[in-house]
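Each remark here refers to the structure printed beneath this line.
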Amino acid sequence: MKNGGNLMRSVLSHIVHKQFSSQYENIATEALSYILESSELARNGLIKALRGIVPEMPTLRFQTQYTEDNMRPDMWGVDAGKLRVFIENKFWAGLTDNQPVEYLKLLDSNSKEGILLVIVPSARQETIWRELILRLKEASISYTEQTPLADIPRLVKSETGAFLALTTWTKIIALLESEVADELQTRNDLAQLKALCDVAESDAFVPLSSFELTNQRIPAIITQAYNISQKAVDYCISEGFIHTKGLNVSCTSERIGRYFAFATDKGDKVYAWIGVHFAYWKKYGETPLWLFFFDSSWGSMNQAQSILEPWAERQGYFTAIEDNSFIMSIKIPRGEELDIAVRSVRDQLQAIAKHIEDSI
């Protein structure tokens, strides 16, 4: 095994990265399943962590590649054939339509206190957790916050009894390593899995597959997202609460969109940009569409941040400071036609404009 800088590599990670990069989740799942099946110490270590959530959790067996009701969680934890735990492994793929709501319902129908454990890269834990919680709220599933555990830093209990938990690959691998200190082969297997995770989580160039190169949905998604934002801007201009006079469409290697200004009745102008931002989309997930307020001689970053940050948090928007700009996610409704998506983005911009108007 060699270590290039801080990035651990192995023969497994090299082969997967070069030939099977689209299968990171599946391969990591099979590797984790193999480790849990071949090492009783590793399996007991994971069950010990799950008992921190449900103390009465029995000794489990873990299996993969099993489907029920059109759902295929990555791993099942079963006791004498009875479902108790789902484990869903993620790197950069998004959540499926069934996650987490349908998984929690299936757990509830099989056991009193089941657990859905989601394992993600450290860099994605906040983003994925926000999306998981948002989906509970959209499904009107109430939940109660639970005390975080050392190995499971995000944890809630749904109203029907199942737990939704999130941890990282780093924490899970460290947990298992501490349990198998005397098992050389298992430590080597975990080192291979860790190397795979390191490469999957890195920004290293991923060779493109034929499927990716010929997948016309990729440019279609980008084009559609851009069109949604620009059609929404046109609506907003016609309704008089933003303007683009003297402000340009902009396109760089990181983004495509346009500058505009929120115009208040008092004559104040708060300048912003909206469009598809590839760098923020890749870094934070959330959405292809981003709104940002920049810091310049005519920018409005500090003013926008002070006005919008508390409000945005209450409304469920993601915000951050990036590249001397205050950025906000703009939501695209899932599964809706173009006109509904455009109206949704217009309504969001109108709500932002109103809050700015009321706050200045």
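Taking amide H positions as placed 1.01 Å from N in the peptide plane, with prolines and chain starts having none, which residues 5 or more places from Arg255, or on another chain, fall under 5 Å of its amide H? Under 5 Å from the amide H of Arg255 lie the amide H atoms of Phe278, each far enough along the sequence or on another chain. Of the chymotrypsin sites (Phe, Trp or Tyr not before Pro) found in the range 179-277, the ones in coil according to DSSP and having at most 15 other Cβ atoms within 10 Å of their Cβ are Phe205.
Quick check on the range 2-209: of the DSSP beta bridges with both residues there, what percent are antiparallel, nearest 5%?
Of those bridges, close to 65 percent are antiparallel.
For the range 128-286, the dipole from Cβ point charges (+1 on Lys and Arg, -1 on Asp and Glu) about the Cα centre works out to 780 debye, to the nearest 20. A run of the chain free of exposed loop cleavage sites, with GluC sites (Glu not before Pro) counted only in DSSP states other than H, G, I, E and B and at most 14 other beta carbons within 10 Å, reaches its longest extent at 57-158. The chymotrypsin sites (Phe, Trp or Tyr not before Pro) found in the range 287-355 that occupy coil by DSSP, while having at most 11 further C-beta atoms within 10 Å, are Trp298.
The label-point distance for Thr147 and Leu247, in a model that sets each label 7 Å from Cα toward Cβ, rounds to 5.0 nm. Applying a threshold of 28 Å to the alpha-carbon distances of Lys137/Lys266; Lys82/Lys157; Lys105/Lys231; Lys171/Lys283; Lys105/Lys194; Lys48/Lys105 flags Lys137/Lys266; Lys105/Lys231; Lys105/Lys194 as lying beyond it. Taking trypsin sites (Lys or Arg not before Pro) across the range 297-360, the ones in a DSSP loop with at most 11 further Cβ atoms lying within 10 angstrom of their Cβ are Arg334.
Ellipsoid semi-axes for the range 32-72, based on the Cα gyration tensor and the rule √(5λ), read 21, 15, 7 Å when sorted largest first.
Computed from Cα positions, the angle between helix 217-239 and the longest principal axis of the chain comes to roughly 40 degrees.
All of the numbers you see were taken from the coordinates with simple rules; none came from a lab. These numbers were taken from a predicted model, which means no experiment stands behind them. All Cβ positions, even for glycine, are placed from backbone atoms using ideal geometry, and neighbour counts span all protein chains on display.
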